[in-house]
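Since the structure comes first, as structure tokens, the remarks are kept for the end.
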Amino acid sequence: MPPDDDRSILEVRRHIPWEENPSEQWAYALEHMDRGEWDNAIRHCRRAIAIWPTYFDAWLLLGGALEEQGDHDEALAAVQRASEIAILELSQAWNNLASLHLIRQEWEEALTVDRVLDTIDPSRHGIICYRMAVCYTQLGQRDTAHQWLLEAIRCRPDLLDRALGESWLKPHHRALRRLKAAAGRSPTGVSEGDAG
């Protein structure tokens, strides 16, 4: 079959209904981008996004196609969405990395990763503080660890029960039991006076 016939088979295949596959849609969009066919690239990017709303590559390619077409406002919105998705994916990766360092008892490494993660994704602040409390406890810095633990519980009260079951936080269990008993006496259940 001559090369032109191969291309026409590809053209026909592109327009035959197929399983909804965001990667395939993205690949078609990329092909259209290479040819300068912005409308088709946009259509395939939007199909990919409809299937997988957090598909970073599709959002980024959509931004490029929209920019080439001259729609700078929509291009900016698409690239901003791609950036938001990238931050979320990076946040999850860094969260997993910190947890793995903790499991491996690599305390300093876990602290370093969590400091960065707290900057990237403040929504994880509670669990980050909890892990930092574990790390500082294991490094022998009990007072610092206790402050991180109080901050963790202030952000996420459910972490109090988790901390009471955590063997790595055993040096804090007596103070945590007092804190739990006092929880009914204060609106937040956590106060600086509960240290120690």
Do we have Q80 as assigned to a helix (DSSP H, G or I), of a type in the set (S, T, N, Q), farther than 25 Å from S167 by Cβ and at pLDDT 95 or above here? yes
Restricting attention to segment 121-131, does a residue exist that is within 27 Å of the chain's Cα centre (by Cα), part of a helix (DSSP H, G or I), charged (D, E, K, R) and outside the structural domain of Y55 (by TED's automatic domain parsing)? yes
Scan of segment 77-111 for residues that are among the acidic types (D, E), loosely packed, with under 13 Cβ neighbours inside 10 Å and over 13 Å from the mean Cα position of the chain (by Cα), ordered by number: E108
What about S167, is it under 30 Å from T54 (Cβ atoms) and either under 24 Å from the mean Cα position of the chain (by Cα) or surrounded by fewer than 14 Cβ atoms within 10 Å (Cβ to Cβ) (or both)? no
Can you pull out every residue in segment 48-61 that is over 15 Å from A86 (Cα atoms) and out of contact with any Phe, Trp or Tyr (no Cβ under 8 Å at 6 or more places or on another chain)? A50, I51
Single match in D118, D57, D73, D114 (criterion: among the acidic types (D, E), buried (at least 20 other Cβ atoms within 10 Å of the Cβ) and part of a helix (DSSP H, G or I)): D114
For Q25, state whether it is outside any loop (DSSP other than H, G, I, E, B), at pLDDT below 95 and either in contact with a His (Cβ under 7 Å, 6 or more places away or on another chain) or of a type in the set (K, R) (or both). yes
Assess whether A41 counts as being among the hydrophobic types (A, V, I, L, M, F, W, C), in a helix (DSSP H, G or I), modelled with pLDDT of 95 or more and not assigned by TED's automatic domain parsing to the domain that holds T137. yes
Six or more apart or on different chains, Cβ atoms under 6 Å: show the pairs whose first residue is in segment 104-129 and closer than 21 Å to A163 by Cα and modelled with pLDDT of 95 or more and whose second is of a type in the set (D, E, K, R) and in a loop (DSSP other than H, G, I, E, B). G126/R156
Of the criteria (1) among the acidic types (D, E); (2) closer than 28 Å to S123 by Cβ; (3) at pLDDT below 95, which one E74 fails: (3)
Filter result for the condition that a residue is modelled with pLDDT under 95 and touching an Asp or Glu at 6+ places or on another chain (Cβ under 9 Å), over A133, A195: A195
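The values are calculated or read from the model by the stated rules, or taken from the named source; none is laboratory data. Predicted, not measured: the structure shown is a model, and the values here were computed from it. Note that each Cβ is placed from the backbone with ideal geometry, even for glycine, and that neighbours are counted across all protein chains shown.
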